[in-house]
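Taking it in order: structure first as structure tokens, then the write-up.
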Amino acid sequence: GVPGQVFRLARPPVVPGEFVVEVTDPAAPDAVVGSDVTHWSRVDDFAHSGPEDRHITLDPNAGRVEFGPAVRERDGSVRHYGRVPVKGATVRVRSYRRGGGLRGNVARSTLRVLRSAIPYVARVENRRPALGGVDGETVDSARVRGPMTLRTLHRAVVPHDYELLAREIAPDAARVHCIRAGAQDGAEASDAGGVRLLVVPAGSGDEQGRIAFDELIPPANTLALIAGHLDARRPIGARLVVEPPFYQGVTVVALVQAERGAVVEKVRT
């Protein structure tokens, strides 16, 4: 092998979880007794990896596995950030889970395949739609987010900072809007200086695009995740409330008239 070598998995994207790369390396001095297989663990980056560390990085969206690079120092020496497999070694990932993304947000009653027989179970189906799946960030989106991240420095000061940090920790939210809480908004005077963050989840509609009202209420764990992330980044003394917005119901009564020559039965459906 060579430093910085890259391999791609056959079926990305990869679901977060345990991920171990196995390398067949007979020359490894500390290989498991009776085996020529060594395990390489995943790290976020190679900044703290030494020449003998069996580390790899993984891009779960692209299924890209990368071994540590070699960097030439100012004095001309070469420093290895992570170990490199020997030439001719076999690199293998024994198992991993794939899935996720927007395509995983299937509607209710979509999953009906029973993979293995279960006693007294005749059929299965998902009673609720799948939520929370988002595609990986594109390069164009990263270019827009980069300057904003540098401006906020991961601190929430103005309302836009709260919205940006909330989207960072909960990318599956459809809309996030921050408003100032105060007496001028009809709130109590004691709420002055507080911040309300309104979160709208990305509902999964049915075949006709209809979204049930309960799908517009964000899960409690999502609200808690956002609140915990922002609580560590808000100014001292600023009060924060993360909640769903108030929805105003609207009833529409419309009279539809078919054009001349149209099939009435098709208009009704």
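Residue check: is Gly228 more than 26 Å from Thr251 (Cα to Cα) and either modelled with pLDDT under 90 or of a type in the set (Ser, Thr, Tyr) (or both)? It is false that Gly228 is more than 26 Å from Thr251 (Cα to Cα) and either modelled with pLDDT under 90 or of a type in the set (Ser, Thr, Tyr) (or both).
Out of all the residues in the range 94-110, which are loosely packed, with under 13 Cβ neighbours inside 10 Å and among the hydrophobic types (A, V, I, L, M, F, W, C)? Hit for the range 94-110 is Leu102, nothing else.
When Ile56 is tested against (1) assigned to a loop (DSSP other than H, G, I, E, B); (2) out of contact with any Pro (no Cβ under 8 Å at 6 or more places or on another chain), only condition (1) is not met. When each of Ala174, Ala183, Ala220 is tested for being more than 22 Å from Ala107 (Cβ to Cβ) and modelled with pLDDT of 85 or more, the lone residue that passes is Ala220. Among residues of the range 49-74 that are touching a residue at least 40 places away in the same chain (Cβ under 8 Å), those with a Cβ under 7 angstrom from a residue that is buried (at least 19 other Cβ atoms within 10 Å of the Cβ) and of a type in the set (D, E, K, R), sequence gap 6+ or separate chain, pair up as Gly68/Arg83.
Can you find a residue in the range 149-170 that is in a loop (DSSP other than H, G, I, E, B), of a type in the set (A, V, I, L, M, F, W, C) and in contact with a Lys or Arg (Cβ under 6 Å, 6 or more places away or on another chain)? Break it down stepwise before answering.
Just the residues of the range 149-170 that are in a loop (DSSP other than H, G, I, E, B), to begin with: 153-158, 170.
Filter again for of a type in the set (A, V, I, L, M, F, W, C), leaving 153, 156-158, 170.
Next cut, in contact with a Lys or Arg (Cβ under 6 Å, 6 or more places away or on another chain) only: 156.
Yes, the range 149-170 contains at least one residue that is in a loop (DSSP other than H, G, I, E, B), of a type in the set (A, V, I, L, M, F, W, C) and in contact with a Lys or Arg (Cβ under 6 Å, 6 or more places away or on another chain).
Of all the residues in the range 59-117, those that are under 19 Å from Glu22 (Cβ atoms) and assigned to a loop (DSSP other than H, G, I, E, B) number 16.
In the range 243-263, what residues are in contact (Cβ under 8 Å) with a residue 24 or more places away in the chain, out of contact with any Lys or Arg (no Cβ under 8 Å at 6 or more places or on another chain) and surrounded by 11 or more Cβ atoms within 10 Å (Cβ to Cβ)?
As a first pass, look at the range 243-263 and keep what is in contact (Cβ under 8 Å) with a residue 24 or more places away in the chain: 243-245, 247.
Narrowing further to those that are out of contact with any Lys or Arg (no Cβ under 8 Å at 6 or more places or on another chain): 244-245, 247.
Passing the criteria: Pro244, Pro245.
Gly133 falls short on exactly one of the conditions (1) out of contact with any Gly (no Cβ under 6 Å at 6 or more places or on another chain); (2) in contact (Cβ under 8 Å) with a residue 12 or more places away in the chain; (3) assigned to a loop (DSSP other than H, G, I, E, B), and that condition is (1). Exactly one of (1) in a helix (DSSP H, G or I); (2) surrounded by 11 or more Cβ atoms within 10 Å (Cβ to Cβ) is unmet by Lys266. Its number? Only one criterion in (1) in a helix (DSSP H, G or I); (2) surrounded by 11 or more Cβ atoms within 10 Å (Cβ to Cβ) is unmet by Lys266, namely (2).
So which of Val37, Val71, Val78, Val91 ends up being surrounded by 14 or more Cβ atoms within 10 Å (Cβ to Cβ) and either at pLDDT 90 or above or of a type in the set (Phe, Trp, Tyr) (or both)? Outline the logic, then answer.
Values: Val37 fails: either at pLDDT 90 or above or of a type in the set (Phe, Trp, Tyr) (or both); Val71 fails: surrounded by 14 or more Cβ atoms within 10 Å (Cβ to Cβ); Val78 fails: surrounded by 14 or more Cβ atoms within 10 Å (Cβ to Cβ).
The conditions single out Val91.
Remark: pairs (first residue in the range 77-99, over 11 Å from Gln5 (Cβ atoms); second residue exposed (fewer than 12 other Cβ atoms within 10 Å of the Cβ) and among the acidic types (Asp, Glu); Cβ separation under 8 Å; 6+ apart in sequence or on different chains) = Arg79/Glu73; Arg83/Glu52.
Would you mention how many residues in the range 82-126 are among the charged types (D, E, K, R) and within 23 Å of the chain's Cα centre (by Cα)?
Taking the range 82-126 first, the residues among the charged types (D, E, K, R) are 83, 87, 92, 94, 97-98, 103, 108, 112, 115, 123, 125.
Okay, now just the ones that are also within 23 Å of the chain's Cα centre (by Cα), so 97-98, 103, 108.
Of the residues in that region, 4 qualify.
Checking the stated criteria, Gly261 turns out to be at positive phi and either among the basic types (Lys, Arg) or out of contact with any Pro (no Cβ under 6 Å at 6 or more places or on another chain) (or both). Residue by residue through the range 118-171, note down the ones that are surrounded by 10 or more Cβ atoms within 10 Å (Cβ to Cβ), at pLDDT below 85 and either on the phi > 0 side of the Ramachandran plot or small (Gly, Ala, Ser) (or both). If the condition is that a residue be surrounded by 10 or more Cβ atoms within 10 Å (Cβ to Cβ), at pLDDT below 85 and either on the phi > 0 side of the Ramachandran plot or small (Gly, Ala, Ser) (or both), then Ala130, Gly132, Gly133, Gly136, Ser141, Ala142, Gly146, His154 are the ones that fit.
The values are calculated or read from the model by the stated rules, or taken from the named source; none is laboratory data. Quick caveat: nothing in here was measured; it's all calculated off a predicted structure. Don't worry about glycine lacking a Cβ; one is built from the backbone with ideal geometry, like all the others, and counts go over all protein chains shown.
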